[in-house]
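Reviewing the structure listed below.
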Amino acid sequence: MKGFRKYFVVLLITVGIFAIAYFASVYFNNQKIAEIQKAQDQATVDVLSSETQFDLLESQSCQDVTNTYLSQEISNLADKISYAEQNFSDQTQLNLLKQQYAILEVKDYLLTKQISERCKSNIVTILYFYENANSCTDCQKQGYVLDAIRQNYPQARVYSFDAGLDSSTIRALLSINKISDKTLPAVVVDGTTYTGFQSLDTLTAMLPTTTPSTTASTPKKTITKKTQ
Amino acid sequence: MTLGDIITYIVIFLAVYVQVFFLVTYIEHRKKFPAIMNKELPELVNPPKVAVIVPCWNEEKTVHGTIASILALDYPADKLEVIAVDDGSTDTTWQELLQYKDNPRVRIFQKENGGKHTAINFGIDNTDAEIVGGLDADSFVAPDALRRMIAMFQSDPEVMAVTPSLIVHNPQTMLQHAQQVEYNMSTYNKKMLSFLGAIHVTPGPFSLFRKSMFDKIGKFRKAHNTEDQELAYRMQQNHLKIEHCVNAYVYTSSPDTVKKLYKQRLRWIYGFIQNTIDYRHLVFNAEYLNFSFFTLPSGIISIVAVVFLSASFLYDFIVFLISKINQIAAVGFNSHIHINFNWFYINTQTVFFVTIILYVLLIFSIVMGTRLNQQGHGFDWRILLYLVVYSVIAPFWLLKAVWNTITGRRQPAWR
């Protein structure tokens, strides 16, 4: 090939390579979204199951209500959402999934509280509100602390919420617990709100010193952006 | 998409473009390779007189091997002379050279130290040979190399210079094996550039020139201690043809430590930057097509790419480090390592796939170069070694060369 024709042909080939790479990326990302969707479907079943158990609780004994935590699928969903938050360029679908996940968490939170009160279990519920903005360095640290709590204290149930998400459920939770955007991170431990970073020692002191509960062993990943 | 992402895409796009350009050039000329790699020695009709200049500066240990390899060349003895120039050595190089004072095929000279280019120019001024070339006193030539290179001069009167393929002499350390891979890739790239008429360096070890050429465009210049690059730039500027003889092999000593390699590469890259600045009028100048639109820009792209990607990597590393410090500050060393083998967590971003394609193209260049240099037939462990070692150390000399250019620091010495 003579002159600049070759430069043009090479340009076309290079653009073609990028196009193939782009479509491969779209294909695999769609597969991942489909996987999240699948997990979400499972989550929907879990929601229904939770609601049913919630209703049954009135007429059943505590011994019968053993499986009150959300399924492993939900924990996986949290992991995947956390990963996708950092790696997907298109967050639209993800935000919808996060909203649904938040509702699911609230459902489980309410159910757990009901069981805890009725059956006198030692489950401690922790609501964690964070934001993904770079400016919230304490949110990152709080995420690490809650991950450690989750791993070391199975009786602690951590529910994490992205305060920046456009979700009426999260807005309601923020309002009920008197948390504003300016006081993040915030944690609510068994109904009491603590704003600002809470150290591992502080949070550990709030947990019961009894042995881990058998009714609350499924860990929930604390969704928070680790790096920006 | 952040500004950093956009720059990353541009840099990778250009890097892929360069590799595709090489690949397309290879495909265009692939049918020539059986002839290029022909093992039969060419017959020379009326071979021209050749002078090989050996510039020496403190080469007492290697100069004998270098001269011996020239005298052993498969070439008519009466048409080949060695001109050894001691460039003010402070060791016993001159005493070693005196052993050749009665050898009719070797002429020895001693001069004050003035730099490598002055030693070669001294040799050029003291010969009447039609073809002249230099051979660093740390390099050795394969016996058939000269014949093959002279055949290229004879087959095309327009050829003004012929460059050989370089091979690391007796590689011992991992670093030297990594350099061999780089030299292999360089052979492939240089052959492609010769097809494009766009070679940008006539390496010190055994590049040959028509002596008449020096009368037209002048001899070697100091040129930031990269006189072999500057001469090639000047030749391109004057539309003089440079060919590459793939199967003319020259074995050259290579740095065996990172420090020595760093010094050598700093000199090369600094020289490339400075020479390109000196000859900036050749960049994107339609008169010099491939040299100005491909060779020089691709060299600049590779420097910019490495500088940007290293800075980007450094930034990511610092962010990671801060995040880890925050984690330790928050929970001590009480964190659990979390390994997930689910395919979901494999990177599937566009940049990931393009980077894989870029590496495939790079490995193709290396494998082709390995074959051309007759160092093997396919993929071997040294390729991975090269990719890993150079990814880690190359940014240092590139960044330092850029830094020296920006701050106007003096370039390192030629040896």
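The values are calculated or read from the model by the stated rules, or taken from the named source; none is laboratory data. Everything numeric here is computed off the predicted structure, so don't read it as measured data. Here the Cβ is made from the backbone with ideal geometry for all residues, glycine too, and neighbour counts use every protein chain on show. Side chains are part of the model used for accessible areas, which takes the heavy atoms of the whole protein and leaves out ligands, DNA and RNA. Shrake-Rupley method; radii C 1.70, N 1.55, O 1.52, S 1.80 Å.
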Phi to ³J(HN,Hα) by Karplus 6.51 cos²θ - 1.76 cosθ + 1.60 over the stretch B:131-141, Hz, x for Gly, Pro
10, 10, x, x, 9, 4, 6, 10, 10, 9, 9
Rounded to whole Å, give me the distance from the Cα center of the stretch B:200-249 to that of the stretch B:77-141.
18 Å
Rounded to the nearest 0.05, FRET efficiency between residue B:256 and residue A:56 (Cβ-Cβ, R0 51 Å) equals 0.10
Portion, in percent, of the accessible area of the stretch A:5-206 that falls on carbon or sulfur, probe 1.4 Å
53 percent
How would B:193, A:11 rank on accessible area, largest to smallest, probe 1.4 Å?
A:11, B:193
Pairwise label distance in nanometres, residue B:263 with residue A:122, each label 7 Å out on the Cα-Cβ vector
6.9 nm
Assuming R0 = 51 Å, what is the FRET efficiency of residue B:216 and residue B:92, from their Cβ-Cβ distance, to the nearest 0.05?
0.85
Over the Cα atoms of chain B, each weighted equally, I'd like the Debye log10 I(q)/I(0) at q = 0.10 Å⁻¹, rounded to two decimals.
-0.72
Averaging the inverse of every distinct alpha carbon separation and then flipping it gives the Kirkwood radius. What is it for the stretch B:266-337, in angstrom units?
15.5 Å
Considering the stretch B:48-142, what Rg and Dmax in Å follow from its alpha-carbon atoms?
12.0, 35
Are there any chymotrypsin sites (Phe, Trp or Tyr not before Pro) in the stretch B:176-218 that are in a DSSP loop and have at most 15 other Cβ atoms within 10 Å? List them by number.
none
What does the buried accessible surface come to for A and B, summed over both chains, with the probe at 1.4 Å? Round to 100 Å².
3600 Å²
What is the log10 of I(q)/I(0) for the stretch A:5-206, computed with the Debye formula using one identical point scatterer on each Cα and no solvent, at q = 0.08, 0.10, 0.17 Å⁻¹?
-0.35, -0.51, -1.21
Roughly speaking, to the nearest percent, how much of chain B's 1.4 Å accessible area is carbon and sulfur?
62 percent
DSSP H segments from chain B that extend 27 Å or more along their own axis, Cα-based, with Kyte-Doolittle mean of -0.5 or above
B:3-29, B:174-196, B:296-331, B:350-372, B:381-407
Where B:17, B:9 fall by accessible area, highest first, once all protein chains stay in place (1.4 Å):
B:9, B:17
Scan around residue B:106 for amide H atoms under 5 Å from its own, H built in the peptide plane at 1.01 Å from N, and keep only partners 5 or more places away or cross-chain.
B:82
Which of the trypsin sites (Lys or Arg not before Pro) across the stretch B:9-66 are loop residues per DSSP, with 10 or fewer other Cβ within 10 Å?
B:39
Stretchable slack from residue B:10 to residue B:325, in nm (0.36 nm times residue separation minus alpha-carbon distance):
110.1 nm
On a 1.4 Å probe surface of the protein chains, which of A:166, B:5, B:138 comes out largest in accessible area, and what is the full order?
A:166, B:5, B:138
How big, on average over all directions, is the shadow cast by the Cα convex hull of the protein assembly as shown, in nm²?
34.9 nm²
Tell me the Kirkwood hydrodynamic radius of the stretch A:77-137 in angstroms, computed as one over the mean inverse distance between distinct C-alpha pairs.
13.7 Å
FRET efficiency for residue B:280 and residue B:356, using Cβ-Cβ distance with R0 set to 30 Å, rounded to 0.05:
0.30
Percent RCO, i.e. relative contact order, over chain B, from Cα pairs under 8 Å lying at least 6 residues apart:
20 percent
Between residue A:160 and residues 5 or more places away or on another chain, the pairs with built amide H atoms under 5 Å apart involve A:128, A:223
Write out the chymotrypsin sites (Phe, Trp or Tyr not before Pro) in the stretch B:244-289 meeting two conditions: DSSP loop, and at most 15 other Cβ atoms within 10 Å of their Cβ.
B:284
Residue by residue through the stretch B:238-248, which ³J(HN,Hα) values in whole Hz follow from phi under the Karplus form 6.51 cos²θ - 1.76 cosθ + 1.60 (θ = phi - 60°), with glycine and proline marked x?
9, 6, 9, 7, 10, 10, 10, 9, 4, 9, 9
Could you work out the Rg to Rh ratio of the stretch B:118-241, with Rh taken as the Kirkwood radius (inverse of the mean 1/r over all Cα pairs)?
0.96
Once fully extended, how much extra length lies between residue A:114 and residue A:199, figured as 0.36 nm per residue of separation less the alpha-carbon to alpha-carbon distance?
27.8 nm
Accessible area per residue, Å², chain B with all protein chains present, probe 1.4 Å
45 Å²
Say the cut-off is 23 Å between C-alpha atoms; which of A:80/A:120; B:111/B:222; B:219/B:241; B:101/B:216 go over it?
A:80/A:120; B:101/B:216
Treat every Asp and Glu Cβ in the stretch B:1-140 as -1 and every Lys and Arg Cβ as +1, leave all other atoms uncharged, and give the resulting dipole magnitude about the Cα centre to the nearest 20 debye.
520 debye
